[in-house]
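K.L.:
Can you keep this structure in mind? I'll have questions shortly.
The values are calculated or read from the model by the stated rules, or taken from the named source; none is laboratory data. What you see is a predicted model; the values in this text were computed from it and never measured. Here Cβ is always computed from backbone atoms with ideal geometry, including for glycine, and neighbour counts include all displayed protein chains.
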């Protein structure tokens with residue numbers, strides 16, 4: 001009888017299933033899009049994650065030069081972040097228009113993109129850097 005009482009109440013002692021935490025390169029995926037008048041980064045952001053606007057830096061590497069780009073950011077959501085105070089963030093998707101100087105690049109050019117984001121209520125990632133090759137026109 002005691003055995004049955006322990007077995008029947010075993011579910012009360014189950015540990016919650018660990019929630020999957022994505023690699024930042026999977027949670028925040030930028031795609032370079034060549035529009036009619038400019039290049040843009042289109043971001044796909046996993047559900048339950050957010051990307052910081054002001055923690056995003058973009059550099060263009062072309063030949064021997066490395067130039068910081070000033071993207072045109074989309075309107076985001078204002079939050080009060082425990083770590084960084086008032087911040088603008090993006091959820092699910094956003095677009096960042098890049099200066100048209102990229103369309104004039106001759107030869108191989110690479111974008112160096114550093115970004116930072118968080119999984120809602122769980123953790124914030126350290127800055128992550130990826131490289132994207134700029135397509136030739």
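K.L.:
So residue 47 clears everything in (1) in contact with a strand residue (DSSP E or B) (Cβ under 9 Å, 6 or more places away or on another chain); (2) exposed (fewer than 11 other Cβ atoms within 10 Å of the Cβ); (3) in contact (Cβ under 8 Å) with a residue 12 or more places away in the chain except one condition, right? Which one?
P.N.:
It is condition (1) that residue 47 fails.
K.L.:
Moving to a separate point now. Considering only residues that are free of Cβ contacts under 8 Å to residues at least 60 places away in the same chain and closer than 23 Å to residue 133 by Cα, look in the stretch 16-30 and name the one that is surrounded by the most Cβ atoms within 10 Å (Cβ to Cβ).
P.N.:
Step one: filter the stretch 16-30 for residues free of Cβ contacts under 8 Å to residues at least 60 places away in the same chain, giving 16-18, 20, 23, 26, 29.
When the remaining residues are screened for being closer than 23 Å to residue 133 by Cα, the result is 23, 26, 29.
Details: 23: 9, 26: 10, 29: 14.
That would be 29.
K.L.:
Taking the condition of being surrounded by fewer than 18 Cβ atoms within 10 Å (Cβ to Cβ), within 17 Å of residue 40 (Cβ to Cβ) and touching a helix residue (DSSP H, G or I) at 6+ places or on another chain (Cβ under 7 Å), how many residues in the stretch 119-135 meet it?
P.N.:
1
K.L.:
Among the residues that make up the stretch 99-118, is at least one of them touching a strand residue (DSSP E or B) at 6+ places or on another chain (Cβ under 7 Å), within 30 Å of residue 36 (Cβ to Cβ), surrounded by fewer than 11 Cβ atoms within 10 Å (Cβ to Cβ) and modelled with pLDDT of 90 or more?
P.N.:
no
K.L.:
Anything in the stretch 54-77 that is outside any strand (DSSP E or B), touching a residue at least 24 places away in the same chain (Cβ under 8 Å) and either surrounded by fewer than 16 Cβ atoms within 10 Å (Cβ to Cβ) or in contact with a helix residue (DSSP H, G or I) (Cβ under 6 Å, 6 or more places away or on another chain) (or both)? List them, or say none.
P.N.:
Taking the stretch 54-77 and keeping what is outside any strand (DSSP E or B), we get 54-56, 63-64, 70-71, 74-76.
Now narrow it down to the ones that are touching a residue at least 24 places away in the same chain (Cβ under 8 Å): 54-56, 63, 70-71.
Result: 54, 63, 70.
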